[in-house]
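Chemist: The following block contains the structure, expressed as structure tokens.
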Amino acid sequence: MLIEFFSKRKLILFALVCCTGLVCFSAGHPKTPAAHDNLKQAGEKPGTYWELTTPEEQGIDSQKLLEMLQKVKKEKYNSHSIIIIRNHRLVLETYICPYTRDIPQNTRSASKSMVSALVGIALREKWIDSLDRTVYSYLPQYFKNQADPRKKKITLRHLVTMASGLRIEDQSSQTGGGPILSSSNPVKMTLESPMSENPGERFNYLTPLLNVMSLILTKTTGKNLKKLADTYLFAPLGIKDVQWKRDRMGNYISDAVLTPLEMAKFGVMFLDKGKWEGKQVVPEDWVEESTKIQISPPDTEWDGQKYGYWWWRSPSQNIYMALGWGGQGIFVFPDWNMVIVTTGSNLGGALSVVFNLIIPAVKSSRPLPANPKAAAALRQISRQLQFPSAADAEPIPPHPKIIKNINRKTYCFEPNNMGLIEMTFHFRDKACYLSVVHERGTFKRMEVGLDGIYRVSKARPWGEWPIHNKTALRGKWKNNNTFFLDLLPVGRGINPLMDIQFQGEEIDISVALTGTYNKFRLKGKRKKGK
């Protein structure tokens with residue numbers, strides 16, 4: 001299985017590169033669950049979603065799935081949602097508090113596979129005539145002062161296989177992008193990077209290659225990437241107005257924002273060889289070519305993983321994957337007629353859930369004997385994960401004495417990559433509220449769950465798009481002067497964990513990002529007169 005090929009260090013590395021670059025991190029108990037017995041929604045065409053089924057009807061063991069969700073609840077997988085579709089039936093749809101089915105998530109580098117689909121459509125529509133056309137033939141203005149003749153040999157095929165031959169030294173964004181992705185002209189900076197080898201010789205994961213392809217598609221079609229995707233890819237699936245990240249040139253490049261069920265539609269369409277409801281959305285030959293092994297990344301760096309055209313491939317099984325930072329995953333199993341979708345804030349956790357916990361539950365291509373007890377328990381824990389109750393709450397210990405000195409005091413921070421300017425804690429007997437002044441504005445009295453359950457506030461200091469206008473918070477005292485804050489920007493796929501240490505009039509915050517080794521510190525002082 002895929003997970004077996006990763007050491008812990010390389011699994012983290014793999015998680016880091018499946019993103020498009022880290023950017024600035026830009027109340028009350030959960031409500032009672034609504035009934036979701038019928039997945040088809042008002043106004044949707046028949047067949048848009050899938051009929052519910054028991055796992056056993058699709059050859060999957062309910063008891064194993066139950067054990068999987070028990071581990072997700074107990075251990076630190078940082079999952080936000082898990083969906084299993086087999087034989088065009090919905091086997092499992094689980095969301096983990098504070099997530100629900102209607103919350104779209106940044107799919108990060110999983111959107112590379114969606115852009116790959118657009119490349120296949122562009123070939124069908126004759127907007128581009130061959131993957132073997134050179135980038136130079138489309139964008140000659142970027143090659144006027146290039147001394148290395150090898151650059152003019154970079155083709156579209158080299159872009160989609162991550163084998164451009166370009167070398168980008170700054171790995172600060174974990175994507176080979178560094179300052180390129182935030183520059184005024186990422187395409188120019190990318191193509192001005194030095195060559196490390198001939199095009200096509202070696203896999204080298206560089207996210208800025210997506211900027212180059214986006215510009216080529218825009219130039220050849222007269223439509224930007226978002227318009228192309230909305231019209232030719234998402235509209236046939238019944239998905240409307242998908243948000244994308246843009247570079248400073250104005251080109252849409254990545255980070256398509258979809259709900260997990262919309263991600264599942266994309267996966268099922270590929271499972272069905274590019275068809276949706278009888279219509280050929282993506283050419284069948286492109287589905288086959290783009291998802292088969294096209295290049296083998298160096299084993300010393302990638303532990304045997306394979307790559308197609310902006311799709312990851314299992315080295316040992318017929319499984320292909322769209323993967324993104326934090327665990328945004330679309331896993332397609334053609335031999336099993338199955339699609340699994342995950343969202344979260346830990347790619348290593350998502351891979352472990354899929355390959356170590358879900359796959360062992362798939363027992364047969366035929367129905368298994370019914371297991372109503374395990375199936376009922378599976379439904380129950382799924383509800384508990386999305387809607388935790390008082391029974392799931394942890395006891396709230398008394399606050400330490402230090403709150404007398406810090407309560408309602410405002411702390412000002414040095415410039416930092418979280419965009420945080422000021423922070424104020426409001427402590428009560430069994431409650432905590434956080435107010436922040438952020439680069440995006442002032443957000444007052446966001447509730448912090450002290451009982452282990454997130455509280456969700458309508459606040460967008462760390463959101464990316466207006467649709468990401470919620471922040472979930474929970475925390476607890478680790479010792480007499482250190483408060484732990486779990487900050488979840490809902491929809492971002494990133495989860496900062498903060499140890500906040502109060503030292504006299506100073507505040508020192510250590511920030512770690514789930515699923516990575518990334519850590520940084522914020523320092524501040526108490527505001528005078530407060």
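The values are calculated or read from the model by the stated rules, or taken from the named source; none is laboratory data. Quantities reported herein were computed from a predicted structural model and do not represent experimental measurements. We place every Cβ from the backbone using ideal geometry, glycine too, and count neighbours over all the protein chains shown.
Chemist: Please find, among E262, E289, the residue that is among the acidic types (D, E), under 25 Å from Y99 (Cβ atoms) and modelled with pLDDT of 95 or more. Give the steps one after another, and end with the answer.
Modeler: On the way: E289 fails: under 25 Å from Y99 (Cβ atoms).
Exactly one residue qualifies, and that residue is E262.
Chemist: Let me ask you something else. On the basis of being of a type outside the set (D, E, K, R) and either at pLDDT below 95 or assigned to a helix (DSSP H, G or I) (or both), does S130 make the cut? Steps first, answer last, please.
Modeler: On the way: of a type outside the set (D, E, K, R): yes; either at pLDDT below 95 or assigned to a helix (DSSP H, G or I) (or both): no.
When the stated conditions are applied, S130 does not pass them.
Chemist: Test of understanding: among E93, E57, which residue is at pLDDT 95 or above, in a helix (DSSP H, G or I), touching a Lys or Arg at 6+ places or on another chain (Cβ under 8 Å) and closer than 25 Å to P334 by Cα? Don't jump to the end; show me each part of the working.
Modeler: On the way: E93 fails: in a helix (DSSP H, G or I).
So the residue among E93, E57 that is at pLDDT 95 or above, in a helix (DSSP H, G or I), touching a Lys or Arg at 6+ places or on another chain (Cβ under 8 Å) and closer than 25 Å to P334 by Cα is E57.
Chemist: Can I ask one more? Examine the stretch 394-402 for a residue that is modelled with pLDDT under 95 and buried (at least 16 other Cβ atoms within 10 Å of the Cβ), and state whether such a residue exists.
Modeler: no
Chemist: Kindly state which strands (runs of 3 or more DSSP E) lie completely within the stretch 447-530 and contain at least 1 residues that are small (G, A, S) and surrounded by fewer than 17 Cβ atoms within 10 Å (Cβ to Cβ). Walk me through how you get there before you give the answer.
Modeler: On the way: elements: 455-458, 470-479, 482-489, 496-503, 506-513, 519-526.
So the answer is 506-513.
Chemist: Exactly one condition in (1) over 20 Å from the mean Cα position of the chain (by Cα); (2) at pLDDT below 95 is not met by P369; state its number.
Modeler: If we test P369 against (1) over 20 Å from the mean Cα position of the chain (by Cα); (2) at pLDDT below 95, just (2) comes out false.
Chemist: Among the residues of the stretch 234-248, how many are of a type in the set (A, V, I, L, M, F, W, C) and under 13 Å from L210 (Cα atoms)?
Modeler: 1
Chemist: Can you find, within the stretch 401-417, the residue that is farthest from W462 (Cα to Cα) among those that are out of contact with any Leu (no Cβ under 7 Å at 6 or more places or on another chain) and assigned to a loop (DSSP other than H, G, I, E, B)? Give the derivation first.
Modeler: Initially, the stretch 401-417 is screened for residues out of contact with any Leu (no Cβ under 7 Å at 6 or more places or on another chain), giving 401-412, 414-415, 417.
Filter again for assigned to a loop (DSSP other than H, G, I, E, B), leaving 401-402, 407-409, 414-415, 417.
Working: K401: 31, I402: 28, N407: 24, R408: 22, K409: 22, E414: 18, P415: 16, N417: 11 Å.
Checking each candidate, the answer is K401.
Chemist: Considering (1) buried (at least 17 other Cβ atoms within 10 Å of the Cβ); (2) outside the structural domain of I381 (by TED's automatic domain parsing); (3) at pLDDT below 95, say which one Y49 fails and leave the rest.
Modeler: Answer for Y49: the failing condition is (2).
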